[in-house]
Structures are given as structure tokens and as C-alpha cells.
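K.L.:
Shown below is the structure under consideration.
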Amino acid sequence: MLCFTMLALSSCVNTRWLKTREYLLYQQNITGNEEVSTEELEVLYKQLPNRKVPIIGSTLYLYFHLLGREFYHKKNIIADSIARENKDSLKLVNFLKSHHKNIDGKDTLVLTKKDSSQLTKIEKKHQKKMNKIKVRLKEGNFFMRTIGEAPSLFDTTNISKTVSQMHLYLNSKGFFKNTVSYDTTRLGKNYFVKYIIHEGSPSMVDSIKYAIEDTTVAKVLAFSQVETLLKTGTRYDEKVLNNERERINKFLKENGYYDFTRQYINFEIDTTDISKLILTLMIDLPPNGNKHIRYQIDKVNYYFDYSKTNKIVKDSASLNDIQYFFYNATYSSRVLNSKNSLIPGSFYSYSQSQNTQKNIANLEMFKFVGVNFIKTDTSGNKLTAVINATSLPKYQLSDEWGVNVGQGQGYPGPMANLTFVDRNIFGGCEIFDINLRGSVEGQPSLTKLNQVYTTYEYGGSVAITSPKVLIPTRFKYRFNNNNPKTKYVFSYQNTIRNEYTRGIIKGSINYLFQKGKFSRITVTPLDLSVVNTTSVEKTFQDKFGLAEVSGSQIFACDDMPPNISSVFPKSTFQSIVSNGSVSCPIKGVQKTIEIGNWDIPLIWCSNYLPNYSEDSGEITDRIFLINYENYVPENERDISLLNKIIDLEYSSFIYKAITTFIDIRDKNIGK
């Protein structure tokens, strides 16, 4: 009721709070455009109407702003500002007076380190309060500046600017004969603005010419002509010209032109015939009038941990004409060489310098990697590539403490995580890490309703990550630019619950590749798990002795309860319906068996859908419902029907279901 009252007030009260000559810009739209989309033109609006509540169209945010005006008194804020200034000034003066001392007949201010810190706090506190007052003076109170939205007052100046911007934008799209006008309609205190577009006939690119004074640049650029964005017979578009400028700039920087910039690329348009344009692409010479220099990489030097205070080389190496200087830790030159894309004797390439920086940084050995180029001599065409890298600490210990919030029906509990990292452990940029973790969490009982037990989990892992793909073939070198890594992981996790105690030992080999900035590929050729359940509660065995049905042809569950999630884990259900791996406790025996690909059909009889939490239909999409609903009037119901079915039909039903399933299975083998 309160919400509807506010909406009603915002619809009828807003304009009554405006001054005599104030009007609201209520709505604006664009008509007449055919080739250029409305969305492109709308971004050129110099002024937007106040936001409206969808469907209803009420300017609720404006209402809150105007409501805030009722409580906004500028004079009081100015008075507060003066009072605050006087109060803080007096406090500052008294503080300074208390620290004046007479030294050699002179009044001297004496401040200790603690006093200076206190003085800074006083000044910062004063500045912070004054800034808040300034915001209130400029933007209004909380309602006006946070919840509300200032009125968008109708202003012909902004409309004229919008018209001018639309006209220029249409020119840039090849409509040089365009006209833009506007029409306004006033309804009470609200103005409606309509921008009328007439694009006119488009100007087409009739021919393209090139004016490149540097013949070497022209020859190099000819190799990329097939990729040009400039086409004859297309509508003139400044965006296409800018994209072509960027393409040429990027191509030349990839082919040795280290000093080249996009400012050298210009376009000239012959508008003698406005409908058929002659476009000339020009590449200017440098300011000195000489040709553009095409640079080659002369030397590649790596400097690790060099600084003004550390200038003594501890070790050095040379491989494939690349020099490595180590001022602290020593790294494998072969590994570093595999990450390097800058080759002595090759032409300068911007992407290769970026790849080198990225590949070295991805080793996770260094906190800073910089790539710079030094001209060997000002008149020549040689560059020396200088790569500086600063190492991360060799040993690193990190800890994490907090509250573990489980999913589903779990209750929070304390958790701890401790990680130790040793970088470059074998001298080949490997990373060795040890992780120890533990947590305590409250979990609903799987066998007794409305009871919560404490679950303890602890474990650890040991991992070694190598910065290359450890495959005994030359095929491994094809992934050097994809940040390849090989990771060996060995882990152990133990779970202690009232119903069972379980330990899991895992070992895996993983190949990691980074395809792009936001894409990573993991290939796991080996993943071994050993699950050891050392104790299982009897009631838990009664409910989850899945090993009893592991060799059956069909698995039927009759009369499943509504709270199935508390007695049948979601992960187990998902594994069963998707041919996954299921760990089956063996009833009466203190161990489990692992069913690799569960292929036993499950028939679930219940009046309730499973109450698992799901985000994208991972449960409901795997359920096929069979509706047996048939309403029988109460006076026709047979109260002994269940016993009759059990006595007369139960065995026949089971036999028919199994034989039918076997028949269907046999007919569809291999399909």
C-alpha cells in the first residue's frame, strides 16, 4: 500500500514542485533514420529525462529528490560549516600552543613523532568533515543525492547541442547531405522532444589511392593488402578509416617499425562529386624527413634481481645468443629460453615482446617483469632487448582462518588453511607447495531426522608444478606460447562423521594450458583415488548398502520420503543417473567398493520430487516422471487393496518389469 501511495504521489506531485519557468524534459525520441540505428544516435543525447518506473512510467526517483528538498536548508548547512571551521581551528590552535616552548629566549614549536602523528590526525579529521559538508552544499542531503535524482529541466541549449552532434555523426557515416531538426510538445509542466532525421543519399567510396613516400614501408604494407578494410563501392564511414589506421599501425609494429605511430597515417577525401568519393591513404615521413627505420633485434639480455644496491653478478649463462645475468637466485636458462620470443637477428615485433613478458611472468617466479628496448646507435637500425625481472621470495608461508559455510543444510564451523611454497626447488622454475587444511562443520544426520552432528574434515596435499609439458617427444614444444605446465598432485583427506569415517587418497598428473586471457585447458591423463571407509554405522549401512544392488539389473526404491536430500546425498544421486563413479559401503563389512560406471536403471517411487538444491536443472532434467494419478471416490475405495496387490499381483509385476527391461535392453545393445 505504501509503495502504491509513493507511485501515485510521484506521478502527480513532481511537476507541482517546480518553479514558475521550470519544465521537465519528460521524453525524447528519434524518427526518420533508416541506415543509422537509433541506438547509435541515442548515445549523443546531451540530456536525459529522469528515470521512470517500468510499465507505470512514474518518476519515483525525482519524487525522492524533491521530497529531500523539504528537509534541505542551505543556510543551516553554511552555519554548520562556519561552526565546524571555528571549532576545529580553535582545537588546532590550542594543540599548537600546548607544544610551544621557550628555547634560548625564542618561542619554538616542538613536536615529537607522536605529536606529529596526532597533528596529522586532527587535520585529516577536519578535512573529512569539511568535505562532507561541501558534498551536502553541492549535491543536497541523503534523499536528494543518494535515493533521489535531480530534475532534468528542459533546456534548449542541450537540445541544440544534441542536434549538432547528430549532424556531425551522420556526416561521419557518409550522409553529408543530412539534416537534423527537432519538434517539441508541452503537456503541462512536461516537454516531449522529437528529433527528426533526414539522412539523404549516402556518399560511396568510388576509388582508393595510396600516397606512401617511404617505398620500403609501401612494399612491407603490400603483404597485408588482402586484409585491408577499405573497399570500393561501400558507404563512407570514419569508423572504418580509424580501424584501418589501427590495423596498419599494428601491422608495421609487428614488422620492425619500432618508432612508428598511428599519427603518421592520414586520409584525404576528394568530395568533387559528393556521391562518389576519392579516398587517398597517406603515410607521412618522420619529422626529420628521413625514411622510417625498420629495426632488427641485435641482442637479448636478461637481468634477474638487478638493482642499484645489487650490481654484482652472481651467475650468468648464454644460450642461443641470449645472455642471462643472475644477481641473486639462478634459474634454468633452458626454461627461460623456451619462454623467450625475442630472437637476435629478427625484426622487432610488438606481439613477441608482449608474449615474452607474459610467458616469463606466468612462471610465477617473479613479482615484476619489464621488457625495454635500447637503440644500439641513433643512426642505425639495431635494438637491444633488455628484460628485467625481480624474484618473488623463494619460501612463502600463508595461512587462512575463518568460518566454513557449507552448501545445502550445513551449519557454519571454523576452518584453517596453511600453505607452504618453495619456488625454483630444483633450479628449473618448479613450484613445490604443501597445503594443510582442516574444518569443523555441523551436518544433518543422514539416518536420523532433526538431528545435527559435528563433521570433522582434515587433510593435506603435496604438489610439484613444472613450467613445461613433460611429454617425451618434440610435440611438447608446440605449446610454449600457451603457458604449459605439468602438475603432480598427491593428496589425502579424512572425514569423520557419526555415521561413518572415510579417508580418500588421490594422485593425479595434470597438463595445464592457457588458451587466452579467460580460457584455460586442463588435461588429466592419470587420476587415481583410493577410498577407505574404516567405520560405518549400522543404520547408515541399512540405508546406504548400495553394494547389495551393485550387480543387479534394475534398482527400485519404493515410497521414498519427502526429505530425500538428508538420507540420499545429491552427489550420489547425480553419479547414479549420469553413469558416474559411486562409492558403495558393503553392509556388515568395514570397507567399500567403487563402482566405476554405474549403469543400473533406477526406478524411484514417491509422491514427492527430490528436494535437492539446484541452479540449472541438473536434477530435474534427469528425471522422467510417470504419472499414475487416478482419483477414486471415497465410497468406492477398497481399503484392503494394498494387501490384495501384495498377495496376488506383486510378484507378477516385478517379473513383468524385469523381463520387459531385459527385452528392451537386448534390442538396443550397441545403439
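The values are calculated or read from the model by the stated rules, or taken from the named source; none is laboratory data. Remember, predicted model here, so these are calculated numbers, not experimental data. Virtual Cβ from ideal backbone geometry, glycine too; neighbours counted across all protein chains shown. These area figures cover heavy atoms from the full protein model, side chains too; ligands, DNA and RNA do not enter into them. Shrake-Rupley method; radii C 1.70, N 1.55, O 1.52, S 1.80 Å.
Here's the yes/no breakdown for (1) part of a loop (DSSP other than H, G, I, E, B); (2) over 41 Å from the mean Cα position of the chain (by Cα); (3) at pLDDT 70 or above:
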| position | (1), (2), (3) |
| --- | --- |
| Ser508 | no, no, yes |
| Pro525 | no, no, yes |
| Gly551 | yes, yes, no |
| Ala556 | no, yes, no |
| Pro562 | yes, no, no |
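K.L.:
Here is a further query. Failed condition for Ser201, given (1) in contact (Cβ under 8 Å) with a residue 60 or more places away in the chain; (2) assigned to a helix (DSSP H, G or I), with all others met?
P.N.:
Every listed condition holds for Ser201 apart from (2).
K.L.:
Kindly provide the set of residues from segment 199-233 that are open to solvent by less than 60 Å² (accessible area, probe 1.4 Å), among the β-branched types (Val, Ile, Thr) and under 23 Å from Val36 (Cα atoms), ordered by number.
P.N.:
Val205, the sole residue that qualifies.
K.L.:
I've got another one for you. Give segment 184-198 a look and list any residue that's open to solvent by 30 Å² or more (accessible area, probe 1.4 Å) and aromatic (Phe, Trp, Tyr), or say none.
P.N.:
Matches in segment 184-198: Tyr191, Phe192.
K.L.:
Could you pull out every one of the strands (runs of 3 or more DSSP E) wholly within segment 575-648 that has 2 or more residues that are at pLDDT below 70, in contact with a strand residue (DSSP E or B) (Cβ under 9 Å, 6 or more places away or on another chain) and closer than 23 Å to Ile564 by Cβ?
P.N.:
It comes to 582-585, 592-595.
K.L.:
Pairs only if they're at least six apart or on different chains, beta carbon under 7 angstrom, first in segment 653-671 and open to solvent by 80 Å² or more (accessible area, probe 1.4 Å), second in a helix (DSSP H, G or I) and at pLDDT 80 or above; list them, first residue then second.
P.N.:
The qualifying pairs do not exist here.
K.L.:
Got a number for residues in segment 97-128 being farther than 28 Å from Ile82 by Cβ and not charged (D, E, K, R)?
P.N.:
Residues in segment 97-128 being farther than 28 Å from Ile82 by Cβ and not charged (D, E, K, R): 9 in total.
K.L.:
Tell me which residues, restricted to segment 22-44, are hydroxyl-bearing (Ser, Thr, Tyr), in a loop (DSSP other than H, G, I, E, B), in contact (Cβ under 8 Å) with a residue 60 or more places away in the chain and farther than 18 Å from Glu149 by Cα.
P.N.:
Hits for segment 22-44: nothing passes.
K.L.:
Looking at Ile521, Ile509, can you tell me which residue is closer than 17 Å to Pro467 by Cα, in contact with a helix residue (DSSP H, G or I) (Cβ under 9 Å, 6 or more places away or on another chain) and surrounded by fewer than 17 Cβ atoms within 10 Å (Cβ to Cβ)?
P.N.:
Ile521
K.L.:
Now for a different question. Scan Leu44, Leu25, Leu60, Leu67 and give me the residue that is open to solvent by 20 Å² or more (accessible area, probe 1.4 Å), at pLDDT 85 or above, closer than 22 Å to Phe154 by Cβ and not β-branched (Val, Ile, Thr).
P.N.:
Leu44
K.L.:
A further question on this structure: Answer yes if at least one residue in segment 372-382 is in contact (Cβ under 8 Å) with a residue 24 or more places away in the chain and buried (at least 18 other Cβ atoms within 10 Å of the Cβ), and no otherwise.
P.N.:
There is no residue in segment 372-382 that is in contact (Cβ under 8 Å) with a residue 24 or more places away in the chain and buried (at least 18 other Cβ atoms within 10 Å of the Cβ).
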